[in-house]
Amino acid sequence: MIVTAAVVPHPPLLAAELAGTAAAETAALRDACRAVALRLAAAGERWLAVGAGPAASAYPPGTCGTFAGFGADVRVALAGPATPEADPARAPDPELPLPVLVAGWLRGQAGPAGDAVRIDARVLPRDTTPEDARRAGEDLAAADGHDVLLVLGDGAATHTARAPGALDERAWPYDRVVADALAAGDAAALAGLDPALSDELLVAGRVPWQVLAGAVPRPASARLEHTSAPYGVAYHVAVWELATSTA
């Protein structure tokens, strides 16, 4: 059963090799993600990673990938040694979606404990309805075989004039709702995020956050570890723990 769920963003700049001059500005975000990786590895070795993309796809634990398309050949794997470049036989898939790449990167940030982690990664279509996302989360929670649910997605990309989507004044209140919901374990607030507004604000996390709402409707505890919006894109890091006893 899933015992821990975590929310992390998936920008390529999480990998310091790709961050360039942004490395210092995003250090706190990177540190929060590393801390979550260690916590997840301690919670269990079987992770299920969920993100959103153009189409539905799935990636088994044997998958390897590279951030080469984003500027540096930083290799990641969903199982086995966390440094796949050490094994030339493990050819990376150059087409892995960002949520899957970052899931593999996060596994590597757990240090030696990450070597034992196996990740199944699933990507849902970006236009998945809130109802279908919730049902997908419910199905994941009911299935056996995973200890950790890893939810990958960015907030609004419209927080400043230089953001990818330029400035939209609705971005701040939108991400305030998301951050407050993650801090409070408020699954209903995540389930209620509007798909049309999310698309207008270039939010990449709406679908996976609503999967989380279906999988963990009532967490025993919730903690927002980090929230920021460098370069106009909102990034949230949070951990939800599930009750281990019904007593």
How many residues of segment 116-149 are open to solvent by 80 Å² or more (accessible area, probe 1.4 Å), within 13 Å of Gly44 (Cβ to Cβ) and modelled with pLDDT under 95? The answer is 1
Listed by first then second residue, the pairs whose first member lies in segment 212-234 and is open to solvent by 40 Å² or more (accessible area, probe 1.4 Å), whose partner is among the acidic types (Asp, Glu), with beta carbons under 9 Å and at least 6 positions apart or on separate chains, are Pro217/Glu138; Ala220/Glu241; Ser221/Glu241; Arg223/Glu241; Leu224/Asp180; Thr227/Asp175; Ala229/Asp175; Tyr231/Glu25
Only unsatisfied item for Ala72, checking (1) surrounded by fewer than 20 Cβ atoms within 10 Å (Cβ to Cβ); (2) under 16 Å from Pro208 (Cβ atoms), is (2)
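Yes or no, residue by residue, for (1) in a helix (DSSP H, G or I); (2) under 21 Å from Leu242 (Cα atoms); (3) in contact with a Lys or Arg (Cβ under 7 Å, 6 or more places away or on another chain); (4) in contact (Cβ under 8 Å) with a residue 60 or more places away in the chain:
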{"site": "Glu17", "(1), (2), (3), (4)": "yes, no, no, no"}
{"site": "Thr21", "(1), (2), (3), (4)": "yes, no, no, no"}
{"site": "Glu25", "(1), (2), (3), (4)": "no, no, no, yes"}
{"site": "Cys33", "(1), (2), (3), (4)": "yes, yes, no, yes"}
{"site": "Ala41", "(1), (2), (3), (4)": "yes, yes, no, yes"}
{"site": "Gly51", "(1), (2), (3), (4)": "no, yes, no, yes"}
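Being basic (Lys, Arg) and touching a Leu at 6+ places or on another chain (Cβ under 9 Å) is the filter; apply it to segment 1-51 and report the residue that is most open to solvent (accessible area, probe 1.4 Å).
Arg34
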Here the residues within segment 175-202 that are out of contact with any Asp or Glu (no Cβ under 7 Å at 6 or more places or on another chain), open to solvent by less than 40 Å² (accessible area, probe 1.4 Å) and under 13 Å from Gly232 (Cβ atoms) are Asp175
With the first residue restricted to segment 103-120 and required to be part of a helix (DSSP H, G or I), and the second required to be crowded, with 20+ Cβ neighbours inside 10 Å and of a type in the set (D, E, K, R), Cβ contacts under 9 Å at 6 or more apart or on different chains are Gly104/Arg75; Gly114/Arg107; Asp115/Arg107
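Any idea which residue in segment 176-208 is nearest to Ser221 (Cα to Cα), counting only those that are of a type in the set (D, E, K, R) and assigned to a loop (DSSP other than H, G, I, E, B)? Give the derivation first.
At the first step, the residues of segment 176-208 found to be of a type in the set (D, E, K, R) are 176, 180, 186, 194, 199-200, 206.
Pick out the ones that are also assigned to a loop (DSSP other than H, G, I, E, B) and you get 186, 194.
Details: Asp186: 10, Asp194: 25 Å.
So, considering only residues that are of a type in the set (D, E, K, R) and assigned to a loop (DSSP other than H, G, I, E, B), the one nearest to Ser221 (Cα to Cα) is Asp186.
Considering only residues that are under 22 Å from Gly53 (Cα atoms) and touching a Gly at 6+ places or on another chain (Cβ under 6 Å), which ones fall in segment 156-176?
Applying the first criterion (under 22 Å from Gly53 (Cα atoms)) to segment 156-176 yields 156-159, 163-166, 171, 174-175.
Of everything in segment 156-176, those that are under 22 Å from Gly53 (Cα atoms) and touching a Gly at 6+ places or on another chain (Cβ under 6 Å) turn out to be Ala157, Thr158, His159, Ala163, Asp175.
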All conditions in (1) at pLDDT below 95; (2) under 16 Å from the mean Cα position of the chain (by Cα) are true of Ala243 except (2)
Cβ pairs under 9 Å, 6+ apart or interchain, first in segment 121-150 and within 11 Å of Val50 (Cβ to Cβ) and charged (D, E, K, R), second open to solvent by 30 Å² or more (accessible area, probe 1.4 Å) and in a strand (DSSP E or B), ordered by first then second residue, are Arg122/Ser57; Arg122/Ala58; Arg122/Tyr59
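The values are calculated or read from the model by the stated rules, or taken from the named source; none is laboratory data. If you're wondering where the values come from, they're calculated on a predicted model, not measured in any experiment. Reconstructed Cβ throughout: ideal geometry from the backbone, glycine too, with neighbour counts over all protein chains shown. The accessibility values were calculated without ligands, DNA or RNA, using every heavy atom of the protein model including side chains. Shrake-Rupley method; radii C 1.70, N 1.55, O 1.52, S 1.80 Å.
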